[in-house]
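The values are calculated or read from the model by the stated rules, or taken from the named source; none is laboratory data. For clarity, every value in this text was computed on a predicted model and none was experimentally measured. Using ideal geometry, Cβ is built from the backbone for each residue, glycine included, and neighbour counts are taken over all protein chains shown. Ligands, DNA and RNA are stripped out before the accessible areas are found, and what is left, the full protein with its side chains, is counted by its heavy atoms. Shrake-Rupley method; radii C 1.70, N 1.55, O 1.52, S 1.80 Å.
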Amino acid sequence: MRIVVIGAGIVGAACALELTERGAEVVVIDRTGVAAETSSRCEGNLLVSDKEPGPEADLAIASNEMWRGLAARLDADRPSGQPGTEFEAKGGIVVTFPGGEGALEGFAAAQRGIGIRAVALDAAALRAAEPHLAPDVALAMHYPDDAQLQPSTATQALLATALRRGARLRIAEVVGGLMHDGRLRGVETDAGPIEADAVVNCAGPWSGEVAARLGARLDIRPRRGVILVTTPMPQRVFHKVYDSDYVGAVGSGNAALQTSTVVESTPGGTVLIGSSRERVGFDEHPGTGPSAAIAAKAIRLFPFLAETTLLRSYFGFRPYAPDHLPVIGADPLVDGLFHATGHEGAGIGLAPATAALISHAVLGTNTDLDPGPFLPGRASLQETP
């Protein structure tokens, strides 16, 4: 079976590897290159701590487990000199300031009910885990299963492995679909046609536009996010640490600027500081507002950051689905078209499980995952204004 995968970000790369290893002939198409957009402009979060009980949490738990074996395999199999995933099973700590204790305790209790490990830390344990944290933190929950990787190099490793297994990469832009007998039989690109038995749309924030070019309707919107990067320093942040208001920002449907605090160190010694969310289309001029708001909240969480120097900031667009669930599976109207998008900021963590669901949808492979909540034809997505 010949399959076109549109998009060489981490979701497209994961789908390409899964489909290739299942025996398909895969052609990956991207207009700019591997990890050139969203997958190189994010933090590399592999989180279960921010997921409330429901379909996405179930997907995140499964994908988190998949990443542990997959990252180890990618790192072991890479040729000499090729960058690795930088996978770190560092765990996460979610904190709240006075007044938020009840909400965090209730959220963690609900998560424990679906198998997410969440352990309350007393003052001594928190000080031992994060000695530079603000002293007025009222409650902290430790999530040992949270992890991190370097999203750009992880994407490159996924796709490089797929290419070594027989997949091909084409740098081109999809401009239309090839229809035959009422079924999508490939894509037309600015470099010529590519025939296929199935097409998988993994174009991230641009998935809605790509869907339209292929004759489908898909309500995926870009949501811009800004991240700050400090100069390298001796390690003073030992987990992925964030304020509990991050969960509310992730789930907000408000188009206006939402900021929350996420702080973590990298193997290179820099500190990544996030995060922001706002729906402004593809506006590439965030200004200083998001950065200033992120910095102010980060300093409250880790006061030592007030004395550090920022190396740079960057922003990216994330694929936002109005009902806050990824869109994975067959298009309801265009036969032969499949989608794997709408993960917003969770695409890095959910990539392996997404690939498994796409393999199930396209090739009919077995899966223990429930595809129903993520199908493109679901009522909650169709009814969203």
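Under 1.5 on a/c is rounded, so check that first for the range 1-131, then, if it is not, pick prolate when a/b is larger than b/c and oblate when it is not; a ≥ b ≥ c are the square roots of the alpha carbon gyration tensor eigenvalues.
Numbers: a/c = 2.47, a/b = 2.00, b/c = 1.23.
Prolate, since a/c reaches 1.5 and a/b exceeds b/c.
Within the accessible area of the chain, what % is carbon and sulfur when the probe is 1.4 Å and the other protein chains stay in place? Each step should come with its number before you reach the end.
Values: 7680 of 14770 Å².
With neighbouring chains kept in place, the figure for the chain is 52 percent.
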Which residues' amide hydrogens lie under 5 Å from the amide hydrogen of R168, considering only partners 5 or more residues apart or on another chain, with H built in the peptide plane? V26, V27, V28
Heavy atoms only, 1.4 Å probe, whole protein assembly: order M141, M179 by accessible area, highest first. M179, M141
Pick out, in residue order, every one of the chymotrypsin sites (Phe, Trp or Tyr not before Pro) in the range 168-265 that is DSSP loop and has at most 10 other C-beta atoms within 10 Å; say none if there are none. none
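Mind giving me the FRET efficiency for M1 and Y314? R0 is 35 Å, r the Cβ-Cβ distance, nearest 0.05 is fine. Working shown, then result.
Details: r = 38 Å, r/R0 = 1.09.
According to the calculation, E is roughly 0.40.
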In percent, how large is the relative contact order of the range 1-158, given Cα pairs closer than 8 Å and 6 or more residues apart? 33 percent
Given a Förster distance of 30 Å, report the FRET efficiency between N254 and A138 from their Cβ-Cβ distance, rounded to the nearest 0.05. 0.70
Can you give me the long-range amide H partners of F87? Hydrogens built in the peptide plane at 1.01 Å from N, cutoff under 5 Å, separation of 5 or more residues or another chain. Q150
Which value in nm describes the separation of the simple spin-label points at A103 and M233, placed 7 Å from the Cα toward the beta carbon? 2.8 nm
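Starting from the range 225-326, pick out the GluC sites (Glu not before Pro) whose DSSP state is loop and whose Cβ has at most 11 other Cβ atoms within 10 Å.
Values: sites: E264, E278, E284, E307; in loops: E284.
Those that pass, being in a loop and sparsely packed, are E284.
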Accessible surface of V119 in the full protein assembly, 1.4 angstrom probe, to the nearest 10 Å²? 80 Å²
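For the chain, what does the relative contact order come out to in percent, with C-alpha contacts under 8 Å and a separation of six or more?
Numbers: 892 pairs, mean separation 87.6, N = 385.
Over the chain, the number comes to 23 percent.
List every DSSP H helix in the chain whose Cα atoms extend 24 Å or more along the helix's own long axis and whose mean Kyte-Doolittle hydropathy is at least -0.5.
On the way: long enough: 55-77 (32 Å, -0.22).
Within the chain the helices that satisfy the rule are 55-77.
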With the dipole of the chain defined by +1 on each Lys or Arg Cβ and -1 on each Asp or Glu Cβ, the option from G364, L104, P234 whose Cα lies farthest towards the positive pole is P234
For R2, what accessible area in Å² do you get when you roll a 1.4 Å probe over the heavy atoms of the protein chains, rounding to the nearest 10? 70 Å²
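Would you mind working out the accessible area per residue for the chain, using a 1.4 Å probe, and quoting it in Å²? Intermediate values should be presented prior to the final figure.
Values: 14770 Å² over 385 residues.
Per residue, the chain has 38 Å² of solvent-accessible surface.
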Hey, rough spin-label estimate for R168 and R127, points 7 angstrom out along Cα→Cβ, what's it come to in nanometres? 6.4 nm
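Would you calculate a helix-derived [θ] at 222 nm for the chain, using -39,500 (n - 2.57) for each DSSP H run of n ≥ 4 and dividing by the full residue count, to the nearest 500?
-9500 deg cm²/dmol
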